[in-house]
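Novice: So that we are looking at the same thing, I have put the structure below in structure tokens.
The values are calculated or read from the model by the stated rules, or taken from the named source; none is laboratory data. A quick note: this is a predicted structure, and the numbers were derived from the prediction, not measured. Ideal geometry is used to build each Cβ from the backbone, glycine not excepted, and the neighbour counts take in all protein chains shown. These accessible areas exclude ligands, DNA and RNA; they are computed on the full protein's heavy atoms, side chains included. Shrake-Rupley method; radii C 1.70, N 1.55, O 1.52, S 1.80 Å.
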Amino acid sequence: MRSSEYIGLRKTSKEGYGRRLEALRIEHGHRSVAGLSRERIITGILQPFADRPGAALDTLKKLRILIRHAINIGWIKHDPSLGIKRPKLQRIRSWTEDEIELFRKKWPLETKQRLAFELFLNTGQRRSDVVRMAWSHIAPENRIAVAQQKTGRRLLIPLHRDLLSALAVAKRDHVSIITTAYGQSFSVDGFSQWMRDAITDAGLPLGCQPHGLRKATGRRLAEAGATAKMIMSVLGHTTLAEAERYTEEADQASLAVDALARLEGHKANDFPQTQSAGLGKPTKSPRKSAGVKQNWRSLGESNPCFSLESWSFFCSASSHPFATIQYYHILT
């Protein structure tokens, strides 16, 4: 932990590294690094986390850091973790609108749980940023300044009317906006567990996680017509791909309705060239006056611009086999 890479980490990252590395030391510190094999990593280190893929992935990441360090100082010559697949994590989903309303119904506007919820939902920030929000961060013109822990980005986010309503009735008895029952600031882990309890008390499923509110922000922005760059400006992502990941759960039904409406509008001015069979009766051509007998007339008589000579010349030029046949036109 004296390396330049570790020293350059943020405080919260150092704490996370420390907890995981200490767990590895307690469980496996008595074993030789030279005896570390791919099989031992899978069965001895990762297998106990089979039901916790997040912990298994974090353990593998930290173990690989130790392995690279061991290679750099000459303790081992190759990486025994090569070829080990990363545990698959279940992606955190966005909250639905029904779930959002269910939480609001459980926790009235004046509760701390509701205030934390509105901060999550209407700023789109991570738990490590929400827990650190202070009253002094609220800038003029109803905006809140955020310095993201993970990315270091500085954001200035307008306060949504739902969040303004929750802030208006909140007690300002501490520098932090969200405080414990004892009036103190939360730790990140303590805040996460407190929020998890509030979600459970609201009767919501385990799939409703605090980070899912960040995804709900992205989804709502996408449904409102915000571009990926607009979403990036709120969520604080640095790449377009990251912003688009939070828009994947945009309401498919409403987008499909809009897409079909556009298709209908595009086809509105298209008219069929022929009448479809079975759709109404064909219009009859008007008949000539009853009782008037029509005589046979040649095409030359019915059309003064046509002559037999011109027709014969045309047919000859086109090598028509019936070039000498006179064309007659009959009126019915």
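Novice: Treating the Cα atoms of the stretch 30-71 as identical point scatterers in vacuum, please give the log10 of the normalised Debye intensity I(q)/I(0) at q = 0.28 Å⁻¹, two decimals.
Specialist: Summing over Cα pairs of the stretch 30-71 leads to -1.07.
Novice: Do me a favour and compute the ellipsoid semi-axes for the stretch 96-166 from its Cα gyration tensor, root of five times each eigenvalue, largest one first, whole Å.
Specialist: Numbers: eigenvalues 95, 38, 22 Å².
Here the semi-axes work out to 22, 14, 11 Å.
Novice: Scale the Cα Rg of the stretch 1-89 by the rule-of-thumb value 2.2 N^0.38 Å and send over the ratio, two decimals. Don't skip to the answer; put the middle values down first.
Specialist: Details: Rg = 13.0 Å, N = 89, 2.2 N^0.38 = 12.1 Å.
Rounded to two decimals, the normalised Rg is 1.08.
Novice: How would the stretch 191-260 be classified by its alpha-carbon gyration tensor: rounded, prolate or oblate, with rounded meaning a/c under 1.5 and the a/b versus b/c comparison settling the rest?
Specialist: Oblate shape, in that a/c is at least 1.5 and b/c is the bigger or equal ratio.
Novice: For Lys267 and Arg64, compute 0.36 nm times the residue count separating them, minus their Cα-Cα distance, and round to one decimal in nm.
Specialist: 67.3 nm
Novice: What list of ³J(HN,Hα) values in whole Hz, one per residue of the stretch 16-31 in order, does the Karplus curve 6.51 cos²θ - 1.76 cosθ + 1.60 (θ = phi - 60°) give from phi, with Gly and Pro shown as x?
Specialist: These are the phi-based 3J(HN,Hα) values: x, 4, x, 5, 6, 5, 5, 5, 5, 5, 5, 7, 10, x, 7, 8 Hz.
Novice: Would you mind computing, in nm to one decimal, how far apart the modelled labels at Glu244 and Arg38 are, each placed 7 Å from Cα along Cα→Cβ?
Specialist: 3.4 nm
Novice: Then there is this: Between Thr180 and Ser165, 0.36 nm times their residue separation minus their Cα-Cα distance comes to what?
Specialist: 3.3 nm
Novice: Here is a further query. Might you work out the accessible area of Trp107 for me, using a 1.4 Å probe with all protein chains in place, and round it to the nearest 10 Å²?
Specialist: So the heavy atoms of Trp107 present about 40 Å² to solvent.
Novice: Through the Karplus equation 6.51 cos²θ - 1.76 cosθ + 1.60, θ set to phi - 60°, convert the phi angles of the stretch 55-69 into ³J(HN,Hα) values in whole Hz; use x for Gly and Pro.
Specialist: Whole-Hz 3J(HN,Hα) from phi for the stretch 55-69: 5, 5, 5, 5, 5, 5, 4, 5, 5, 5, 5, 5, 5, 4, 5.
Novice: A further question follows. Suppose R0 equals 25 Å; then what is the FRET efficiency for Thr151 and Thr96 from their Cβ-Cβ distance, rounded to the nearest 0.05? Walk me through the intermediate numbers first.
Specialist: Values: r = 27 Å, r/R0 = 1.10.
The formula returns an efficiency of 0.35 here.
Novice: At 0.36 nm per residue, minus the direct Cα-Cα distance, what do Arg172 and His28 gain on full extension? Give it in nm, one decimal, please. Before the final figure, lay out each step's value.
Specialist: Details: separation 144, 0.36 × 144 = 51.84 nm, distance 4.77 nm.
Here the answer is 47.1 nm.
Novice: Efficiency by 1/(1 + (r/R0)^6): what FRET value for Gln47 and Ile76, r their Cβ-Cβ distance, R0 = 22 Å, to the nearest 0.05?
Specialist: On the way: r = 22 Å, r/R0 = 0.99.
Taking R0 as 22 Å, the efficiency between Gln47 and Ile76 is 0.50.
Novice: Considering the dipole of the stretch 6-89 built from charges on the beta carbon (Lys and Arg +1, Asp and Glu -1) around the Cα centre, which of Gly35, Ile76, Gly8 is farthest to its positive end?
Specialist: Of Gly35, Ile76, Gly8, it is Gly8.
Novice: Also: At 1.4 Å probe size, with no ligands or nucleic acids counted, give the accessible surface of His28 in Å², nearest ten.
Specialist: 50 Å²
Novice: What does a probe at Lys14 reach in the stretch 156-192, counting residues whose amide N is under 20 Å from the point 7 Å along Cα→Cβ?
Specialist: Counting backbone N atoms under 20 Å from the label point, the list is 187-190.
Novice: Could I ask something else about it? Using Cα pairs closer than 8 Å and at least 6 residues apart in sequence, work out the relative contact order for the stretch 122-253, in percent. Intermediate results must be reported in sequence, preceding the final value.
Specialist: Numbers: 141 pairs, mean separation 35.4, N = 132.
Result for the stretch 122-253 is 27 percent.
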